[in-house]
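**Student:** This is the structure, below, for whatever I ask next.
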Amino acid sequence: MTDLTTWFFFATCIYITSNSCKVLSKFNKNIYRSIMSFTLQVLIFSSLPFILALLVLKSYLSSSKHHKNLPPSPPKLPLIGNLHQLGSSPHRALQAMAQTYGPLILLRLGSVPVLVASSVEAAREIMKTHDLTFANRPFLNIPNKIFYASQDIAFSQYGEYWRQVKSIAVLHLLSNKRVQSYRHVRDEETLRMMETIQKAEGSVVNLSELLVSLTNNIICRVALGKRHDGRKFKKLLQQTMELLGCFSVGSYIPSLRWVDRLSGLEKNANAVVKEFDEFLEGVIDEHVNNKAVDVEGRDLVDVILEIQRDNVTGFHLERDMVKAIVLDVFTGGTDTSSTSLEWAIAELLGHPHAMKKLQQEALEIGQGRSMISEDDLENMPYLKAVLKETLRLHTPLPLLVPRESTRDIKLLGYDIPSGTRVLVNAWAIARDPTIWEAPDEFRPERFLNSSIDYKGFHFEFLPFGAGRRGCPGIQFAVVVNELVLANLVYKFNLALMGEKGLDMSETSGITVHLKCPILVSATPVCS
Ligand code: HEM
């Protein structure tokens, strides 16, 4: 606008000058030249204050309007912005950036402005003080495909629909009472895994694979009423998780969406979505036809279908919405739990002292019984500390789930425009040396006499997020993890196979796994 004004002013000057000159050119050329030069001088000098005033106005307007006090940004490349700086471990790359640029960084990933928060204060501002402003989720290509146009809980836009489906999760699917009601499923599946290990009789046990099967089986039985432990379903679930962690060019540079088509990502996503949809259609048909289920034997699909029939939400819960919610339970509840168990065992194998201490606690509590029960868990502080320390060091979703601001807002003195995507680097905050002593070391003891927990009130420890968008599955996840880990160390002495220690490298993706499976020999503990 101010640029236009300046140019308009110059153009007018030149026009006036040239027109007056044309008239004068009929007279003497010399007189014409001197008049022309005189006119120019007069015009330039008389308009100088005006030009200066315009320039000052221009710089004022652009500094207040375009150059707000934005958070610092690392230099970016044309088109891709800062995308090339994320590497294969974005949480680590962003931690390094925060050390240079501070706790709030504004990146441009393709054409998308992305705010990265890497300190307790920044996380608290986003997830508590201004939680409402940051309660939206951004539109993401692949999740949108997977979750029936983002009609699930985790990726749906903030608003009445999200409020209704989140309350279905909190009040009906993952409530205290409901989680308790599936205790027998957890017991049976844990026992089943232990029998599998026992049968291996000293030969190599792939614990990573067993833990994935265990969490899949628990979720399948709780959500669908029966196990689906064939290879086909396991692969489908794995492909879905991989897709969620995939980088989609179109989500960041819409004009290059064709790259996703060319690379086969879209085709692959469509195929997986179609296969999962056929599976879920079969599950729903089965549940609709099998009406006579007693209250005790109800699984989560029964509960959702009942909510649909009774119109609890105040609007008709469409079939796609039901499928999207069921899918959320799978994607939210399987991978995250198995990966935290995997990391806990990996750390214990690398810290024999901690393993011994935990085993001691389990043996004292178990007192020779066949299994540690859920009632025992309350009296196992070291077990709880081990799992907390694992979630701190190996936050399963290191960058949580992206959020988006819905209005312009000031954050720690910076201006954050509406529509900015937000990543909270919970992993980096959990390793901040100004908060945690020896932050990179596995020290469960730090949680023994500490009130810090993971429920979203301590912003230095956010494995499940916080605020409105916080995880509704905490209780469900924690009881599985505690029960399984307690029984594993209660029943078995685990020893790594091979001479070398365990490779602790991470995979990339939405959840961070161990790159290599945990292969152990498991000998029964003599209690
Ligand atoms: C160790 C296990 C788990 C971890 C680490 C975990 C972590 C998270 C995180 C970080 C978020 C995003 C929070 C935020 O944006 O502030 C989230 C959201 C969510 N989680 Fe979990 N989760 C786990 C287990 C579960 C389980 C067992 C379920 C369900 C059975 C579940 C269902 C969900 C859902 C539905 C959301 C979306 C909430 C929303 O957007 O309103 N999670 N989880």
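None of the figures in this text is laboratory data; all of them are computed from the coordinates on show. Here the structure is a predicted model, which means the values were calculated and not measured. Please note: Cβ atoms are built from the backbone with ideal geometry, for glycine as well, and neighbour counts cover all protein chains shown.
**Student:** Among the aspartates and glutamates, which have Cα under 18 Å from the Cα of K410 when same-chain residues fewer than 8 positions away are ignored?
**Tutor:** E121, E125, D131
**Student:** While we're here: Please name which of L211, L412, P402 has its Cα lying farthest along the dipole of the chain towards the positive end, using unit charges on Cβ (Lys, Arg +1; Asp, Glu -1) and the Cα centre as origin.
**Tutor:** With unit charges placed on the Cβ atoms, the residue in question is L412.
**Student:** Here's something else I'd like to know. Explain nothing, just the number: relative contact order of the chain, from Cα pairs under 8 Å at least 6 residues apart, as a whole percent. Please report the intermediate quantities before stating the final value.
**Tutor:** Working: 701 pairs, mean separation 110.7, N = 527.
Contact order relative to length: 21 percent.
**Student:** Taking +1 at the Cβ of each Lys and Arg and -1 at the Cβ of each Asp and Glu, which of L358, V120, P71 sits farthest along the dipole of the chain towards its positive end, judged by Cα position relative to the Cα centre?
**Tutor:** Comparing the listed Cα positions along the dipole, P71 ranks first.
**Student:** While we're here: With +1 on the Cβ of every Lys and Arg and -1 on the Cβ of every Asp and Glu, and nothing else charged, how large is the dipole of the stretch 65-223 about its Cα centre, in debye rounded to the nearest 20?
**Tutor:** 560
**Student:** Moving on to the next point. Classify the stretch 68-163 as rounded, prolate or oblate from the Cα gyration tensor: take a ≥ b ≥ c as the square roots of its eigenvalues, call it rounded if a/c is under 1.5, otherwise prolate when a/b beats b/c and oblate if not. Don't skip to the end; give the middle numbers.
**Tutor:** Numbers: a/c = 2.14, a/b = 1.38, b/c = 1.55.
Judged from the Cα gyration tensor, the stretch 68-163 comes out oblate (a/c at least 1.5, b/c at or above a/b).
**Student:** Using only Cα atoms, tell me the angle between helix 2-24 and the longest principal axis of the chain; keep it within 0 to 90° and round to the nearest 10.
**Tutor:** With rounding to tens, the tilt is 20 degrees.
**Student:** Using the structure shown, select from K145/K267; K235/K267; K76/K267 the pairs with a Cα to Cα distance greater than 20 angstrom.
**Tutor:** As for pairs spanning more than 20 Å Cα to Cα, those are K76/K267.
**Student:** What residue among S450, V272, H513 has its Cα farthest toward the positive end of the dipole of the stretch 141-524, where the charges are +1 on Lys, Arg and -1 on Asp, Glu, each on the Cβ?
**Tutor:** V272
**Student:** Distance between the C-alpha centers of the stretch 316-338 and the stretch 143-218? Whole Å please.
**Tutor:** Each part's Cα centre sits 10 Å from the other's.
**Student:** Calculate, in nm to one decimal, what E318 and T434 gain on full extension: separation in residues at 0.36 nm each, minus their alpha carbon distance.
**Tutor:** Fully extending the segment from E318 to T434 adds 36.9 nm.
**Student:** Shifting gears a bit: With a/c under 1.5 counting as rounded, go ahead and sort the stretch 418-527 into rounded, prolate or oblate using the C-alpha gyration tensor (a ≥ b ≥ c being the square roots of the eigenvalues; past the cut-off, prolate if a/b is larger than b/c, else oblate).
**Tutor:** Note, shape of the stretch 418-527 comes out prolate.
**Student:** Starting from the Cα of Q239, step 7 Å along the direction of its Cβ; do the same at D294; then give the gap between the two resulting points in nm.
**Tutor:** So the two model labels end up 4.0 nm from each other.
**Student:** In whole Hz and in residue order, list the ³J(HN,Hα) couplings for the stretch 396-404 that follow from phi through the Karplus curve 6.51 cos²θ - 1.76 cosθ + 1.60, θ = phi - 60°; x for Gly and Pro.
**Tutor:** x, 10, x, 9, 6, 10, x, 10, 8
**Student:** List the pairs from K226/K455; K384/K491; K177/K357; K166/K226 whose alpha-carbon separation is above 23 Å, in the order I gave them.
**Tutor:** Violating the 23 Å limit, Cα to Cα: K226/K455; K177/K357; K166/K226.
**Student:** Net charge around A169, counting only other residues with Cβ within less than 13 Å of its Cβ (Lys, Arg = +1; Asp, Glu = -1)?
**Tutor:** Around A169, the surrounding residues sum to +3.
**Student:** With n ≥ 4 as the cut-off for DSSP H runs, can you work out [θ] at 222 nm for the chain, using -39500 (n - 2.57) per run divided by the number of residues, rounded to the nearest 500?
**Tutor:** That comes out to -17000 deg cm²/dmol.
**Student:** Any number yet on Rg/Rh for the chain, C-alpha, Kirkwood?
**Tutor:** 1.15
**Student:** At 0.36 nm per residue, and after removing the present C-alpha to C-alpha distance, how many nm does the segment from R192 to K410 gain when stretched out fully?
**Tutor:** Contour length minus the Cα-Cα distance gives 73.2 nm.
**Student:** Could you give me the ³J(HN,Hα) list for the stretch 132-147, computed from phi with Karplus coefficients 6.51, -1.76, 1.60 and θ = phi - 60°, whole Hz, x at Gly and Pro?
**Tutor:** 5, 5, 10, 8, 8, 10, x, 6, 10, 3, 6, x, 4, 5, 5, 9
**Student:** Residue-wise, which Karplus ³J(HN,Hα) couplings in Hz belong to the stretch 282-288, taking 6.51 cos²θ - 1.76 cosθ + 1.60, θ = phi - 60°, and x for glycine or proline?
**Tutor:** x, 4, 5, 4, 4, 6, 5
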